[in-house]
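The values are calculated or read from the model by the stated rules, or taken from the named source; none is laboratory data. Computed from a predicted structure; not experimentally measured. Note that each Cβ is placed from the backbone with ideal geometry, even for glycine, and that neighbours are counted across all protein chains shown. For accessibility, only protein heavy atoms count, side chains too; no ligands or nucleic acids. Shrake-Rupley method; radii C 1.70, N 1.55, O 1.52, S 1.80 Å.
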Amino acid sequence: AEGLTRSAAYAIGFPSGMLDAVYYLDEADVAFDRIVSAYTDNIWLDKVNIRLPMATPANVSLINTTYDSTTRQIGVTVSADFLSNVTGDYRLNVYVLEDSVKGSGSGWDQVNYFSNNSNGGSSWTGSPYVNLDDPIVGWAHNHVLRKALGGAWGTDNIIPDTVASGSNYTKTYSYKLPVTYK
């Protein structure tokens with residue numbers, strides 16, 4: 001549910017991704033497509049190269065992580081050590097992800113834009129998905145957001161609006177993994 005909330009706020013289509021939830025003036029929205037077309041550069045890599053040299057305001061780490069395989073209870077403390085003075089709305093969150101999530105039908109099958117090489121461009125021919133069915137049934141979805149422990153927008157009222165360099169803020173989360181999660 002938290003992922004759907006964020007997608008509704010940021011994404012204009014799929015596939016798309018966000019980098020640091022930053023709006024880039026040359027994009028239509030905070031989330032943007034990986035490529036402009038089949039014939040151009042990787043836009044995500046371009047944005048990564050823009051953000052990479054920028055200083056991060058905090059080191060964020062997970063500490064005291066626990067998992068009880070009998071009860072399926074996880075516990076984790078997230079810690080933010082601020083490296084500079086900052087102002088703004090900063091929040092903490094922990095995302096529970098799962099790999100190889102499969103199902104069938106609506107919401108599970110993978111749309112295949114490369115099916116039957118329908119786009120006709122020679123650069124599409126290198127894709128391993130050319131001439132596969134559309135949709136691809138039984139697709140294994142990886143890095144699936146299963147739960148945002150601090151909600152879609154993170155836990156507020158932990159980090160103040162004005163933070164001094166050297167400050168540390170922590171939040172401990174607990175969550176029982178449903179038995180359907182691997």
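Each Lys and Arg Cβ is given +1 and each Asp and Glu Cβ -1; about its Cα centre, the chain then shows a dipole of about 620 debye.
The alpha-carbon of residue 176 sits under 19 angstrom from the alpha-carbons of these aspartates and glutamates, leaving out residues fewer than 8 places away in its chain: 2, 68, 98, 99.
For the pair residue 175 and residue 89, the difference between a 0.36 nm per residue extended length and the Cα-Cα distance amounts to 28.5 nm.
For Cα extents along the principal axes in Å, computed directly from the structure shown, the correct entry in (1) 55, 46, 24; (2) 59, 37, 37; (3) 46, 35, 32 is (1). Counting only protein heavy atoms and a 1.4 Å probe, segment 42-84 has 64 square angstrom of accessible area per residue. Counting only lysines at least 8 places from residue 171 when in the same chain, those with an alpha carbon closer than 26 Å to its own are 147, 182.
Computed extension gain for residue 9 through residue 52, at 0.36 nm per residue and net of the alpha carbon distance, reaches 13.0 nm. On the beta carbon distance between residue 156 and residue 133, with R0 = 41 Å, the FRET formula returns roughly 0.35. The mean sequence distance of close C-alpha pairs (under 8 Å, at least 6 residues apart), as a share of the length of the chain, puts its relative contact order at 26 percent. Normalised by residue number, the volume inside the convex hull of the Cα atoms of segment 31-111 is 189 Å³ per residue. Rolling a 1.4 angstrom probe over the chain with all protein chains present gives an accessible area of which 53% lies on carbon and sulfur atoms. For the pair residue 25 and residue 106 in one chain, pulling the backbone fully straight at 0.36 nm per residue adds 25.8 nm over the alpha carbon distance.
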